[in-house]
Amino acid sequence: MNRPTGERTRCRRLRSLLQDRPGFLVFMWRRAERILPRLKRPLDRFGEERVAAWVQPVEEIVKKPLFDCRMCGQCILHFTGMTCPMTCPKQLRNGPCGGVALDGTCEVVREMECVWVKAIERSAATPYAEDMGRLNPPVDWRLNDTAAWVTYVTERDQITTGIGTGPHHVSAVIGP
Ligand code: SF4
């Protein structure tokens, strides 16, 4: 169901406000890091599929308005300035393409600010600025539309193409 335009605009404004001053979102993520491991017990008892089916709608309700989450199932928000990389029209997960305009807008959707320009700006206001240099593996599309809160706990989000023994941070490639 499509939301009315006014509601969408309000949602977008609130999202930008929170993401541009990401202290609250960082606080929430730190809480989540402590709480999510509690899923281990239900996961052992009921299995991943059933727990994911319960968790996914809740995750979507929380993360869709806050981050415009696309439910990729392998969340890297805290590495990317609390800015969802899947909202980039090219779905890039390792920084901007060469098409960012001088005013910081996207070459695909001209009226949109580049997701990665925003991510880099915002990450400076988080304790995870260093992680902007993390080399994120390509999206594992097998996890698409699954609960990232569950794949985080099971570490299924770590089993993905391209995460082998190669460098995991840009500093290992071009130096600090
Ligand atoms: S789960 Fe994926 S799509 Fe959703 S906010 Fe995290 S990175 Fe973005």
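No lab work stands behind these numbers, since they all come straight from the coordinates. Values in this document were obtained by computation on a predicted structure and should not be read as measured data. With ideal geometry, Cβ positions are generated from the backbone for all residues, glycine too; neighbour counts draw on all protein chains shown.
From the Cα gyration tensor of the chain, with a ≥ b ≥ c the square roots of its eigenvalues, which class applies: rounded if a/c is under 1.5, or else prolate if a/b is larger than b/c, or else oblate?
oblate
Taking 8 Å as the Cα distance limit and 6 or more residues as the minimum spacing, I'd like the relative contact order of the stretch 64-136 as a percentage.
Contact order relative to length: 34 percent.
Tell me, what is the percent relative contact order of the stretch 5-172, built from C-alpha pairs under 8 Å that lie six or more residues apart?
27
Size of the dipole of the stretch 5-172 about the Cα centre, Lys and Arg at +1 and Asp and Glu at -1 on the beta carbon, nothing else charged, in debye to 20?
520
Let me make sure I get this right: for the stretch 71-150, a, b and c are the square roots of the gyration tensor eigenvalues over alpha carbons, sorted descending. Under 1.5 in a/c it's rounded, otherwise prolate if a/b > b/c, else oblate. Which is it?
oblate
So which aspartates and glutamates pass the test for residue 118, namely a Cα distance under 13 Å, with those fewer than 8 places away in the same chain ruled out?
Output for residue 118: 20, 103.
Along the three principal axes, how long is the stretch 1-93 when you take its alpha carbons, biggest first, rounded to the nearest angstrom?
Principal-axis extents of the Cα atoms in the stretch 1-93, largest first: 43, 31, 24 Å.
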